[in-house]
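J.: I'd like to ask you about the structure that follows.
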Amino acid sequence: MNEIKGLTWKEATKALRLHGHNEVSIKQKSLFLLLVSQIKSPLIGLLLLASIISLLLGNIIDALIILLIVSINTLIGFVQEYRAKNTFKNLEKLVRSHVWVLRDGHKVLIDKSTVVPGDIIYIKKGDIICADAFVLEQDNLSVDESAITGESQEVHKHINLKHHRGQKSGIVYSGTYINNGSCTAKVFATGKDSKWGQIAYLTESTVKVSEYEKNLEKLSKVFMVVSAIAILIIFAVNVFVKHELGITSLLLFTIAISVAIIPEALPIVANLTLSKSALKLSNQKVIVKHNSAIEDLGNIDVICTDKTGTLTLNKLTIDFYHSVIDKDDFLKYSYLSTVENTELLDRCIFTFLKENNVADHSEFMLQEIPFDPEKKFSARKFKDFEIIKGAPEYIFGITKNDKPEERKLIEEHSQKGLRAISFALKKGSRVKYIGSYFFSDQIKEDADKVIQEARNLGITIKIITGDSKEVSAYVAQKVGLIKTFDEVVLAEELDFNNADKLVEQITKHSVFTRCNPEQKYKIIECLQNNHYVGYLGDGINDAPSLALANVGIAVDTATDIAKEQSDIILLSGDLKVIINGIKEGRLAFENIDKYLRNSLAGNFGGFFTIGVLSAFIKFLPMLPIQIFISNLLTDIPLLSIASDNVDSEVLKSPKHHSMAKTLKFALIFGLISSLFDFIFFYLVRNQLPHSIQTQWFLLSVLTELIILFSLRTRKSLLSKTSWPSRLLIQLSALSFIVALALALFGLPGTFESIGLPSIAFVLLVGLVYFDFTEAIKVPIIRFFKL
């Protein structure tokens, strides 16, 4: 076979300039289209129609005010969506994948985006292939090409030394992943020129939609239908009662009602809240791959994880080794078994050997058997012998010269938290145990505090590991997850054939050991019957469980396929950052729900009032332009909900969001608001229409701001509750000052100037409304279980 030569760094740099980075850019919405999408919204359409009608009626000032409102709404929507879009785009850059290549005759690890045609790449089981390449060498290579073919059948690959592009069995394609084996390949196409690039160029990226988003969409559709019917009825009633005002004026009034009842800022608030949360999480080394992952994080009540790297530091050190053959021979076989291997345990052993000045050994390897997660072993075959390493029970199981004292030694040290890897030597048909290495992995100092914090948040931690029962029990006891050794269960002791018994076992216990990938999958599947499960995994064999879990979580050092299947990527394999992520997820969706509750309660209140009053009074309760301005002034503070504080109690358990409860909440408090509106109209019934309209405008703004501050928390404001954010206070104050100025100084043709006595009366009604709302809020929430 010809010697394989890669590129020099100089050649690679030149090729990178010529071909560009090895990246596939999905078609993104331009800034112009982003702006147009704001204008195309139903709300903006209604406002523009209202502006046109105002012009036709000769109300130029009203038309200009409406256009100003359109501009403000469009600008706010555009800026916030652009910021959210950039936030998630920048977060993608934090997660990078790497590949081994041959540069200047040396194997080096580089970012996949810098791979160029001509590069020699080394890929193994679990890797997602980063470019189209010819197979030069392979060892039992099979590839999953479902990403480009749609077929899930395993495809076996062969050597393609002549670089024939028509020989598909000799080509590995970008976007597919290595199902088994390994290979050396020569890149011939990258980025948009690759097979995956050509497919991706024709498609848009797929967006995962959460249940919450689906419910919001359903709510919007139902809301629009119900609102349309109600508005038509109100329009008909007004035409009958106030026919002297003219159809055009009544149509403008009806449009104003339509705008007032729609929670139009919801998409802006949701996007702003989620993007802020995503950015905050990224600073805590948690990268979310899509919006819905933030909600999913908040819903988690069970986390399944291995102990390594989450409860321990994942910095393995060898405490000592034990051999039953000549020491130098054992170290030699250890060297041959681990040299040029990238697995953590192998690197640890190899580093230990080099630090202890073990000489280099050279033997031609005939075959390498990758780690088998089922049997928990790997092997290397040489000309005259084979070295097998793996879990002690497997090694003892294949050797016929088993010594009880060796088993006892391993068991004693496992109970002290030391992990053992055992070696066997096979010559001919004889397999002999030759020794073991004992590793320690220090438990994190704050691990016990993190476990307790998780419990305080209503989160159960379960360890699902392939490690031994003794080591797992030692760690679990140290961090306070269990109290006794008997609480640890071997996977083989679980009754997977009896669903009820399995639920009982998995609910009762928190540590499951010697689990293979299929058993991990079944444990998670069982838990999902009653829980929202997050699973932390990092290997190719974790991919099915990551895909199954409600939230798949992978560390940045995980295999490509594990990261591909995950929803969350951790830049730090620390359980604490997951707990913080869950808190942030709960906070984000509490604020989105908070907006929805407050917005709908205020909108329903005004809608009910107008609907009833339309049948009994001869004038419009509020002028259309007043409704538009009132809607704008009360929406601006609501935008700051994205950064508002929440009560600590909200974070203590997962909240599965219920649209039915949200609607019930809004209806009840909307009716309470309407009750005070009716009392107000009764008290001012003898005043002139223009004065009543201006006073009710001021009262409407005031009561919606009061609702915002009162209903932002489920607790009484007299109790210890979260303080509103500074921005919420500032924007609310600004909105009220503007409304007060309009009422006090007036605006020709729109607002009649009302005196201080009338303003004082409105403030008094608002104060009574606030006291009444606060007095009945907690009892109503408890009675209706809101």
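J.: Within region 612-634, does at least one residue satisfy the condition of being of a type in the set (D, E, K, R), surrounded by 15 or more Cβ atoms within 10 Å (Cβ to Cβ) and farther than 24 Å from V533 by Cα?
T.: Looking through region 612-634, none of the residues is of a type in the set (D, E, K, R), surrounded by 15 or more Cβ atoms within 10 Å (Cβ to Cβ) and farther than 24 Å from V533 by Cα.
J.: Confirm whether T190 is at pLDDT 85 or above, open to solvent by less than 80 Å² (accessible area, probe 1.4 Å) and among the β-branched types (V, I, T).
T.: Yes: the conditions hold for T190.
J.: Does L587 qualify as being among the hydrophobic types (A, V, I, L, M, F, W, C), open to solvent by less than 10 Å² (accessible area, probe 1.4 Å), modelled with pLDDT under 90 and in a helix (DSSP H, G or I)?
T.: No.
J.: If you don't mind, there's one more thing I want to ask. Please specify each residue of region 545-570 satisfying the condition of being within 24 Å of L502 (Cβ to Cβ), open to solvent by less than 20 Å² (accessible area, probe 1.4 Å) and in contact (Cβ under 8 Å) with a residue 24 or more places away in the chain.
T.: Within region 545-570, S545, A549, V551, I553 qualify.
J.: Kindly provide the set of residues from region 477-500 that are under 14 Å from E525 (Cα atoms), part of a helix (DSSP H, G or I) and not small (G, A, S), ordered by number.
T.: Listed by number, the list holds a single entry, D500.
J.: Moving on to the next point. So, S599, is that one over 15 Å from I234 (Cα atoms) and open to solvent by 10 Å² or more (accessible area, probe 1.4 Å) or not?
T.: It is false that S599 is over 15 Å from I234 (Cα atoms) and open to solvent by 10 Å² or more (accessible area, probe 1.4 Å).
J.: Ok, one more. Which condition from (1) buried (at least 18 other Cβ atoms within 10 Å of the Cβ); (2) over 18 Å from E393 (Cβ atoms); (3) touching a Lys or Arg at 6+ places or on another chain (Cβ under 9 Å) is the one that E487 breaks?
T.: The one condition E487 does not meet is (1).
J.: Give me the residue from region 356-387 that is within 37 Å of the chain's Cα centre (by Cα) and of a type in the set (K, R) and, out of that set, most open to solvent (accessible area, probe 1.4 Å).
T.: K375
J.: Can you tell me which residue within region 305-327, out of those that are touching a helix residue (DSSP H, G or I) at 6+ places or on another chain (Cβ under 6 Å) and of a type outside the set (K, R), is farthest from N529 (Cα to Cα)?
T.: S323
J.: If you scan region 444-469, which residues turn out to be out of contact with any Phe, Trp or Tyr (no Cβ under 9 Å at 6 or more places or on another chain), touching a residue at least 12 places away in the same chain (Cβ under 8 Å) and either among the hydroxyl-bearing types (S, T, Y) or not in a helix (DSSP H, G or I) (or both)?
T.: K444, D446, L457, G458, I459, T460, I461, G466, D467, S468, listed by residue number.
J.: Identify all residues within region 514-529 that are in a loop (DSSP other than H, G, I, E, B), in contact (Cβ under 8 Å) with a residue 24 or more places away in the chain and under 22 Å from the mean Cα position of the chain (by Cα); write none if there are none.
T.: N529
J.: Also: Run L481 past the list (1) surrounded by fewer than 21 Cβ atoms within 10 Å (Cβ to Cβ); (2) in contact (Cβ under 8 Å) with a residue 24 or more places away in the chain; (3) out of contact with any Lys or Arg (no Cβ under 8 Å at 6 or more places or on another chain) and report the number of the one that doesn't hold.
T.: (1)
J.: Okay, moving on. Which residues, taken from region 424-452, are of a type in the set (D, E, K, R), over 25 Å from K389 (Cα atoms) and either surrounded by 17 or more Cβ atoms within 10 Å (Cβ to Cβ) or touching a strand residue (DSSP E or B) at 6+ places or on another chain (Cβ under 7 Å) (or both)?
T.: K444, the sole residue that qualifies.
J.: Separate question: Can you pull out the residues in region 648-682 that are touching a residue at least 12 places away in the same chain (Cβ under 8 Å) and farther than 20 Å from A601 by Cα?
T.: Within region 648-682, S648, E649, V650, L651, K652, S653, P654, K655, H656 qualify.
J.: Being open to solvent by less than 60 Å² (accessible area, probe 1.4 Å) and in contact (Cβ under 8 Å) with a residue 60 or more places away in the chain: is that true of L353 here?
T.: In short, no.
J.: Are any residues in region 113-130 hydrophobic (A, V, I, L, M, F, W, C) and farther than 13 Å from W100 by Cβ, and if so, which ones?
T.: Correct list: V116, I128.
J.: Further question on the same structure: Residue check: is G573 buried (at least 24 other Cβ atoms within 10 Å of the Cβ) and closer than 17 Å to V302 by Cβ?
T.: Answer is no for this residue.
J.: Hey, among the residues in region 132-147 that are of a type in the set (A, V, I, L, M) and in contact with a Lys or Arg (Cβ under 8 Å, 6 or more places away or on another chain), which one's surrounded by the fewest Cβ atoms within 10 Å (Cβ to Cβ)?
T.: Of everything passing the filter in region 132-147, L136 is surrounded by the fewest Cβ atoms within 10 Å (Cβ to Cβ).
J.: Also, I was wondering about something else. For region 738-759, which positions are touching an Asp or Glu at 6+ places or on another chain (Cβ under 9 Å) and open to solvent by 30 Å² or more (accessible area, probe 1.4 Å)?
T.: Across region 738-759, the qualifying residue is only G749.
J.: Pairs please, first residue from region 358-371 and in contact (Cβ under 8 Å) with a residue 12 or more places away in the chain, second anywhere and among the aliphatic types (A, V, I, L, M), Cβ atoms under 7 Å, 6+ apart in sequence or on different chains.
T.: Qualifying pairs under 7 Å: V358/L331; H361/L336; E363/L336; I369/A379.
J.: Can you tell me which of (1) closer than 26 Å to L16 by Cα; (2) modelled with pLDDT under 90; (3) surrounded by 15 or more Cβ atoms within 10 Å (Cβ to Cβ) is the one T114 doesn't meet?
T.: (2)
J.: Taking S472 as the residue in question, decide whether it is outside any loop (DSSP other than H, G, I, E, B) and within 27 Å of K332 (Cα to Cα).
T.: No, not satisfied.
J.: So S472 passes all but one of these: (1) closer than 22 Å to E393 by Cβ; (2) open to solvent by 30 Å² or more (accessible area, probe 1.4 Å). Which condition number does it fail?
T.: (2)
J.: While we're on this one: Return yes when D542 is closer than 20 Å to G309 by Cα and open to solvent by 50 Å² or more (accessible area, probe 1.4 Å) and no when it is not.
T.: Answer is no for this residue.
J.: Filter region 396-412 for residues that are touching a Phe, Trp or Tyr at 6+ places or on another chain (Cβ under 8 Å) and touching a residue at least 40 places away in the same chain (Cβ under 8 Å); which is surrounded by the most Cβ atoms within 10 Å (Cβ to Cβ)?
T.: Here the answer is E406.
J.: Kindly provide the set of residues from region 692-711 that are within 35 Å of the chain's Cα centre (by Cα) and open to solvent by less than 10 Å² (accessible area, probe 1.4 Å), ordered by number.
T.: I707, L708, S710, L711
The values are calculated or read from the model by the stated rules, or taken from the named source; none is laboratory data. Keep in mind the model is a prediction, meaning the values are calculated, not measured. Cβ coordinates were reconstructed from backbone atoms using ideal geometry, including for glycine residues, and neighbour counts include every protein chain displayed. Side chains are part of the model used for accessible areas, which takes the heavy atoms of the whole protein and leaves out ligands, DNA and RNA. Shrake-Rupley method; radii C 1.70, N 1.55, O 1.52, S 1.80 Å.
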